[in-house]
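J.: Before I ask anything, let me first share the structure, which is written out below as structure tokens.
The values are calculated or read from the model by the stated rules, or taken from the named source; none is laboratory data. Note that the structure is predicted; figures quoted are calculated from it, not measured. All Cβ positions, even for glycine, are placed from backbone atoms using ideal geometry, and neighbour counts span all protein chains on display.
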Amino acid sequence: MSEATTSIVQFDNVGLRYGTDREVLSDISFTLYPGSFYFLTGASGAGKTSMLRLLYLAQRPSRGMIRMFGTDVITLPRKNLPAFRRRIGTVFQDFRLVPHLSAFDNVALPLRISGMSESEIRKPVSDMLEWVGLDHRSDARPATLSGGEQQRVAIARAVIARPEVLVADEPTGNVDPDMAVKLLRLFEALNRLGTTVVVATHDVHLLRKVPDSLIMRLDKGRLSDPTGALRYPPRREPART
Amino acid sequence: MSEPSFTPRRSTRLSGRSSRILPQARMSGPMPWVIAIMVALSVIAVAAGLALNNLAANAQAEIEGGATVQIVEAAPARRDRQAELAVSVLSNREDVEEVRRVPDDELADLLAPWLGADALGEDGIPTPALIDVRLRGAMTPERLEGLDRAVRASVPSARVDAQASWLAPVFEAIRSLQYLALGLVLLLALTSSAAVWLAARSALGANRDTIGVIHHLGGTDGQIAGIFQRSIGLDAFLGGLAGLLLGFTAIMLLGRQFAGLDSGLVAGGGLGLGDWIVLGCIPLLGVLLAVVTARITVMSALRRSL
Ligand SMILES: Nc1ncnc2c1ncn2[C@@H]1O[C@H](COP(=O)(O)OP(=O)(O)O)[C@@H](O)[C@H]1O
Ligand SMILES: [Mg+2]
């Protein structure tokens, strides 16, 4: 049980402002525990993307303290960031696929960055493309893919290296409801393997699809806590495999 | 449906097809040509410097320890007598290896182009007697003075000159030309670096988004710089090869023209095997320069991102 109570992410009084504008995030304090499934909800413009940017280390906060994997990431030297980022999988709201790489090469990118050999890469990438239903498009460039297909490539790329934390920003925004559920199943599968999942969505119907999920709600840059996600360590049901 | 297999994590540098991450980072376009021209010019400049070096070394060896005794005397009979005396004085000295009076007809041949064949001969303009002296070992001002004193004691009208001193201005000119060649090579290197710097900057700008993605996926600055280094290195290698070919062709053509001059001095200015090897290394140095410049440019630009 000690593992479950050791936090993997900890925000303490975090505030964020872009430039000299008002704060888009204020007094954000919460703790995420390993192996849990979190939804981050809130209206458009509430600050979900901004909070996820802090989580995947694309942005430093204006104030407050952030610890990840037990380390203060605010004072972390720049040269140590890549090692942390490799432990985090990210689905960007705007996908950010590399335009001149095929779907296969985009999904393979995290594995190549982590130094895996080409022979080790082929099968997992093919499997992953098959799972997201894109095995027939593995040679296609992002520009020739539909929005939903691009999103699935982006998700495949985020989960391929089996990150310790998966951060997904509106990952089902461009797919039909069936595919949305299927993608959530993929996140759940990863979650069952021990990955902590954080999914930002403004779609409240999605929340019901993952029964054990914990919900954080952002409202105008402030956090509320409908399921007690921020106060208690998660309850894991031991029967689930 | 079965779930996809999740593979374990690992961590090192970008491998394999990673060069395909940034095809646009190929700084192709003008880059290989710029490098080809720089390498060709460098090869020619270095070849000139090396040839001048050989020329100077050859001439040096030829005249080292050499001195010339001139006897300026209008009356041919007296002149010949004094010359014989000087030759005997010189021949008896320990430090002299070889003494040779330059025969009158040889002297006439040397002077004919300037004075005309008619002006010389028995009734023509009187010519001085010339005696070539070769010392054991190198010539020094002190030895020259000793020689001068000894000859003048018997033949007061004699003048002794070191051959090297005649050529001193030529050696100085050669030295200056060599500095010029070195300066040119340094300028070319500087210009090439600047060209690579500009190309790397613009490639960085064109690939900003992709670089951002690689950073977010945990790619290091070193991995990103490596992509650019490979690309510029390949360009520099191809350009360098073309430049080397161009430079060698130019040297061969120039060499053939100089060989046609049939001048003793220039004949000593050929290139040896070692020289050709030095020239062959220039493209490799070009590649090194380009790669190092690209790395420094990319690394310092990335340091400003998060
Ligand atoms: N790069 C930025 N510069 C300035 N303001 C920004 C930037 N990104 C987001 N914002 C502002 O921050 C607020 C929160 O945006 P965002 O985090 O994208 O919310 P959400 O993802 O919930 O829609 C918005 O008011 C938005 O205009
Ligand atoms: Mg958003």
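J.: Using beta carbons and a limit of 9 Å, which pairs, at least six apart or on different chains, have the first residue in segment A:32-49 and within 14 Å of chain B (Cβ to nearest Cβ) and the second one at pLDDT below 90 and within 8 Å of ligand 2 (Cβ to nearest atom)?
T.: Listed pairs, sorted by first residue: A:Thr49/A:Gln93.
J.: Next question. Answer yes or no as to whether A:Leu25 is modelled with pLDDT of 90 or more and within 30 Å of B:Gly226 (Cα to Cα). I'd like the intermediate steps shown before the answer.
T.: On the way: modelled with pLDDT of 90 or more: yes; within 30 Å of B:Gly226 (Cα to Cα): no.
Answer is no for this residue.
J.: Restricting the search to segment B:277-300, which residues are over 21 Å from the mean Cα position of the chain (by Cα) and farther than 20 Å from B:Thr191 by Cα?
T.: B:Met299
J.: Kindly indicate which of A:Thr195, A:Thr144, A:Thr201 is among the hydroxyl-bearing types (Ser, Thr, Tyr) and within 16 Å of ligand 1 (Cβ to nearest atom). Steps first, answer last, please.
T.: Values: A:Thr195 fails: within 16 Å of ligand 1 (Cβ to nearest atom); A:Thr144 fails: within 16 Å of ligand 1 (Cβ to nearest atom).
Being among the hydroxyl-bearing types (Ser, Thr, Tyr) and within 16 Å of ligand 1 (Cβ to nearest atom) holds for just one of A:Thr195, A:Thr144, A:Thr201, which is A:Thr201.
J.: Filter segment A:75-108 down to the residues that are under 17 Å from the mean Cα position of the chain (by Cα), more than 15 Å from B:Asp221 (Cβ to Cβ) and within 7 Å of chain B (Cβ to nearest Cβ) and list them by number.
T.: Correct list: A:Thr90, A:Arg96.
J.: Would you mention how many residues in segment B:168-217 are in a helix (DSSP H, G or I), within 14 Å of another protein chain (Cβ to nearest Cβ) and either of a type in the set (D, E, K, R) or over 17 Å from B:Ile232 (Cα atoms) (or both)?
T.: 8
J.: Residue pairs, Cβ under 7 Å, 6 or more apart or interchain, first in segment A:186-214 and of a type in the set (Lys, Arg), second crowded, with 20+ Cβ neighbours inside 10 Å and in a helix (DSSP H, G or I). List them.
T.: Correct list of pairs: A:Lys209/A:Leu184.
J.: Quick one: which of A:Ser114, A:Ser146, A:Ser138 is surrounded by fewer than 17 Cβ atoms within 10 Å (Cβ to Cβ) and more than 16 Å from ligand 2 (Cβ to nearest atom)? Reasoning before the result, please.
T.: Numbers: A:Ser114 fails: surrounded by fewer than 17 Cβ atoms within 10 Å (Cβ to Cβ); A:Ser138 fails: surrounded by fewer than 17 Cβ atoms within 10 Å (Cβ to Cβ).
Every option except A:Ser146 fails the conditions.
J.: Right, next: Just need a number here: residues in segment A:109-126 that are within 9 Å of chain B (Cβ to nearest Cβ) and either without any contact (Cβ under 8 Å) to a residue 12 or more places away in the chain or among the acidic types (Asp, Glu) (or both).
T.: Number of matching residues: 7.
J.: Only one residue in A:Leu54, A:Leu25 is more than 10 Å from every other protein chain (Cβ to nearest Cβ), of a type outside the set (Ser, Thr, Tyr) and part of a helix (DSSP H, G or I). Which one?
T.: That would be A:Leu54, the only listed residue that is more than 10 Å from every other protein chain (Cβ to nearest Cβ), of a type outside the set (Ser, Thr, Tyr) and part of a helix (DSSP H, G or I).
J.: Report every pair of residues separated by at least 6 positions or lying on different chains whose Cβ atoms are under 8 Å apart, first residue within segment B:281-306 and surrounded by 22 or more Cβ atoms within 10 Å (Cβ to Cβ), second charged (D, E, K, R).
T.: Hits for this filter: B:Ala290/B:Asp235; B:Thr297/B:Arg201; B:Val298/B:Asp221.
J.: When you scan segment A:18-67, how many residues do you find that are near ligand 1 (Cβ under 9 Å from one of its atoms) and either at positive phi or small (Gly, Ala, Ser) (or both)?
T.: Result for segment A:18-67: 8.
J.: Please verify whether A:Ser36 is among the polar types (S, T, N, Q) and either buried (at least 19 other Cβ atoms within 10 Å of the Cβ) or within 16 Å of the chain's Cα centre (by Cα) (or both), treating the condition exactly as stated. Outline the logic, then answer.
T.: Working: among the polar types (S, T, N, Q): yes; either buried (at least 19 other Cβ atoms within 10 Å of the Cβ) or within 16 Å of the chain's Cα centre (by Cα) (or both): yes.
The answer is yes for A:Ser36.
J.: Out of (1) within 16 Å of ligand 2 (Cβ to nearest atom); (2) buried (at least 16 other Cβ atoms within 10 Å of the Cβ), what's the single condition that is false for A:Leu184?
T.: (1)
J.: Of everything in segment A:156-192, what is within 16 Å of ligand 1 (Cβ to nearest atom) and either under 20 Å from A:Tyr33 (Cβ atoms) or assigned to a loop (DSSP other than H, G, I, E, B) (or both)? Give them in sequence order. Even if it seems obvious, please write down each step before you answer.
T.: To start, the set of residues in segment A:156-192 that are within 16 Å of ligand 1 (Cβ to nearest atom) comprises A:167-174.
Passing the criteria: A:Val167, A:Ala168, A:Glu170, A:Pro171, A:Thr172, A:Gly173, A:Asn174.
J.: While we're on this one: Could you check segment B:269-280 and list, in sequence order, the residues that are more than 15 Å from B:Leu245 (Cβ to Cβ) and either modelled with pLDDT of 90 or more or not in a loop (DSSP other than H, G, I, E, B) (or both)?
T.: Selection gives B:Leu273, B:Gly274, B:Asp275, B:Ile277, B:Val278.
J.: Something else: Tell me which of these A:Ser2 doesn't satisfy, since it passes every other one: (1) modelled with pLDDT of 90 or more; (2) more than 16 Å from ligand 1 (Cβ to nearest atom).
T.: All conditions pass for A:Ser2, except number (1).
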